[in-house]
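Structure first, commentary second.
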Amino acid sequence: MKKILATLLIFSSIGLGVIAFAVGGSLRPNASADAFNHGPDVDKSSAILQLKGDPLSINAATKPAHGKKIDFNSNAVRSYRAELNAGRNEFKRWLRANAPRAKVTSDYDISLNAVAVQLNGTPLATIAAAPMVQSAEYNALYHPNLSESYKIINAMDAWTSAGGRSAAGAGIKIGDIDTGIDETHPFFNPNGFSYPTDGGPWPKCDAADSNSHHQDQDCKYVSPKVIVAKVFYNKAQQQGLDAQAIQDHGTHTAGIAAGIYDPSLNAVVNGVSIDDMSGIAPGAWLGNYNVFPGQVLNARSEDILNAVDAAIADGMDVLNLSLGGSYHGNNDLLAMGLDNAVDAGVVVAVAAGNSGPGPGTLESPGRARKIITVGASTNQHFVG
């Protein structure tokens with residue numbers, strides 16, 4: 001069921017203007033247009049460094065069995081996690097001795113064994129030469145994107161096999177890595193939902209999204225339908241940003257994934273009446289993992305990987321990333337991290353981009369091998 005629902009997310013949309021118009025009509029980016037200013041593909045002021053040694057998702061002692069998830073409370077995971085932490089500390093000591101201007105800004109051990117580094121003028125080649133570094137690349141930049149409508153797929157058959165439209169996806173947790181989810185939107189009416197009973201405490205949030213500034217306490221921007229609210233942007237604290245959905249794109253994609261089915265909901269867009277709306281999995285829970293907070297239009301690999309690791313740790317079943325970029329590096333560490341997320345027991349659905357057909361039009365990170373994506377491309381080398 002998880003894989004069926006994730007596959008449908010790739011092909012789906014539900015009345016693009018409906019979500020954008022209902023949010024409030026402010027001067028926000030149009031959720032249906034994927035309009036953004038093309039800038040550089042990479043941020044050369046910072047980098048992701050993959051360290052030697054497998055992350056939790058693929059290590060033989062910690063990789064979950066097929067159909068299972070990582071048991072973060074097991075002795076094997078705790079022990080290996082401590083080993084990876086020791087390796088990262090060794091790298092940090094090397095950094096202080098050999099490249100003191102460079103600063104580690106993020107640590108990873110689930111989807112990748114890696115760190116993110118603010119270079120502060122240090123050449124990437126200098127840090128890449130550290131004995132514990134396996135590979136290094138600049139932070140790639142990604143932007144929101146989305147295409148097409150759910151009416152081009154046969155969703156009714158999927159709903160029938162799931163026990164009915166309203167309940168389709170019940171018990172599934174979908175993490176939306178995007179611009180945030182407006183939990184007050186009528187498409188996410190929490191009536192009839194309750195917080196999960198497993199993997200608690202619920203709801204989940206970071207300190208930035210807590211009224212009392214305590215993780216997983218007094219959470220803002222959550223409900224029994226939208227059960228997580230977290231922000232991922234390494235300048236969020238300095239700029240006072242949190243997981244609140246300021247831009248519309250994430251509310252739109254979350255609606256595609258799991259907007260409720262309520263026959264009384266309808267809208268008029270450009271004079272056209274639209275009814276019979278719902279997401280693909282109306283019964284599923286949603287997690288808001290905001291990597292485009294405020295008016296941030298480009299998210300870096302560092303922030304997206306942080307969101308991926310957090311979503312896995314939170315127990316999400318499906319990750320939806322309606323984002324992409326034109327970066328085509330040899331390593332593409334974000335794509336590698338998403339492949340490893342699949343090995344960690346998560347179904348990952350990634351947008352293919354809005355270009356094509358034609359060779360090489362499948363965007364990163366949609367080129368990852370184990371995720372679910374369908375691109376309008378004839379270049380078989382990049383088919384995931």
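Each residue was assigned an accessible area with a 1.4 Å probe, and for Phe72 the value is about 40 Å². Remark: accessible surface ordering of Ser273, Ser74, Ser326 (largest first) is Ser273, Ser326, Ser74, probe radius 1.4 Å. Lys44: which aspartates and glutamates have alpha carbons under 17 Å from its alpha carbon, excluding same-chain residues fewer than 8 sequence positions away? Straight-line reach from Lys44, under 17 Å: Glu137, Glu302, Asp303, Asp332. Largest accessible area first, the residues Tyr195, Tyr221 order themselves as Tyr195, Tyr221 under a 1.4 Å probe with ligands, DNA and RNA left out. Asp343 contributes an accessible area of around 30 Å² to the protein surface, as traced by a 1.4 Å probe with all chains present.
The values are calculated or read from the model by the stated rules, or taken from the named source; none is laboratory data. Note that the structure is predicted; figures quoted are calculated from it, not measured. Only protein heavy atoms, including side chains, enter the accessible area calculation; ligands, DNA and RNA are left aside. Shrake-Rupley method; radii C 1.70, N 1.55, O 1.52, S 1.80 Å.
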